1. For R217 and R54, what is the calculated FRET efficiency with R₀ set at 35 Å and r taken between the beta-carbons, to the nearest 0.05?
2. Using just the helices of the chain, give the 222 nm mean residue ellipticity in deg cm²/dmol: DSSP H runs with n ≥ 4 each add -39,500 (n - 2.57), and the total is spread over all residues, rounded to 500.
3. Please give the charge dipole size of the chain, origin at the Cα centre, charges +1 on K and R Cβ atoms and -1 on D and E Cβ atoms. Round to the nearest 20 debye.
4. Counting other beta carbons within 10 Å of each residue's own, what order do I237, I179, I6 fall into, fewest first?
5. Explain nothing, just the number: dipole magnitude of segment 57-213 about its Cα centre with +1 on each Lys and Arg Cβ and -1 on each Asp and Glu Cβ, in debye rounded to the nearest 20.
6. Membrane-span-like helices in the chain: DSSP H runs reaching 24 Å or more (Cα, own axis), mean Kyte hydropathy at least -1.0?
7. So I have [x] 30, 22, 18; [y] 33, 27, 16; [z] 25, 21, 20, and one of them is semi-axes √(5λ) of the Cα gyration tensor in Å calculated from this model. Which one is it?
8. Just flag the trypsin sites (Lys or Arg not before Pro) in segment 31-83 sitting in loop per DSSP whose Cβ has no more than 12 other Cβ atoms within 10 Å.
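Read-outs: derived from the displayed coordinates by stated rules, not from any lab. Keep in mind that this is a model prediction, so the values were computed, not measured. Neighbour counts run over all protein chains shown; Cβ positions are idealised from the backbone, glycine included.
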Amino acid sequence: MATALITHPDCLDHVTPEGHPERVARLEHVLAALRDLDLLRVAAPMVENSALLRVHPAAHLAGLRARAPQAGHAAIDADTWMSPGTLAAAGRAAGAVVKAVDMVLGGEVGNAFCAIRPPGHHAERQTAMGFCFFGNAAVGAKHALDVHGLSRVAVVDFDVHHGNGTQDVLWDDPRALVITSQQMPLWPGAGHPSERGAHDNVLNLPLPPDSGGVKMRAEYRAQVFPRLRAFAPELIIVSAGFDAHADDPLASLNWETDDFAWVTSELCRLADEVCGGRVVSTLEGGYDLTALAHSVRAHVTELMKAAR
């Protein structure tokens, strides 16, 4: 089967201030890196309000609309900025994950990668933060559970920063397992192993600075893969951040491109065991443009191998 690449030009219209790490060039480099691959290319739909309301209260959506600028930029916080195109971009980003879930669960494709921005895993129920406005992965998980009727969905987040938003949104849902590895100490300061979810449905793996891919692979073998097998999800959603790369300017886990290929391959292998290979991946961080492009290509190449 094919691997779907889901994206939309609107995601290029979220424009951040000069010098901001989460910039238009990130998605441009990702799309260029994937240009020659044999992917099923799909336009991301605009997310429906009903999908967002499973994750965020109406007041959150209304607040973002009220703060959206007609020109220039508006600051949500010191890191998170809106431009006139931000809400459309964020709507396409969340819509891409919903579409990916529909396609994978409908058997149209083997797996899918959502090449989107802004990212989503820091957006809490009522708070946009960390470059994120809507919880894209969480929106996809809730859609799979509430619309498709799945009993168990896992979200695996290997971004270098803790997926505090995904954890916040899915904390109380026993149908969702949230697994997130992150550098610690590092912003946002969440992700301690003691944060286990209301139903023991959260697994946090703090990784020390400069620990590299060897440490990551050992922890995933020892903790992540056994936990996933025990949970037996019917779908795995990957929050695919590439800022753990050694060249990334915002952190220092010092992974290499091969480490992203390895973790993708292993997650796909496990998905074959427990859920018929059903994997949806969505872009989160990654701020060195060259490292991002190479790492995303390695990630998507492994998805394509698994989908054949």
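1. Details: r = 34 Å, r/R0 = 0.98.
Approximately 0.55, to the nearest 0.05.
2. Working: 10 runs with 116 residues, N = 308.
The helix contribution divided over the chain gives -11500 deg cm²/dmol.
3. Numbers: 25 positive and 36 negative charges, 133 e Å.
Charge dipole of the chain: 640 debye, to the nearest 20.
4. I179, I6, I237
5. On the way: 10 positive and 14 negative charges, 89 e Å.
Dipole magnitude for segment 57-213 comes out near 420 debye.
6. Working: long enough: 86-105 (29 Å, 1.27); 257-275 (26 Å, 0.12); 289-307 (27 Å, 0.54).
The answer, listed by residue number, is 86-105, 257-275, 289-307.
7. [z]
8. On the way: sites: R35, R41, R54, R65, R67; in loops: R35, R54.
Here the sparse-neighbourhood loop sites are R35.
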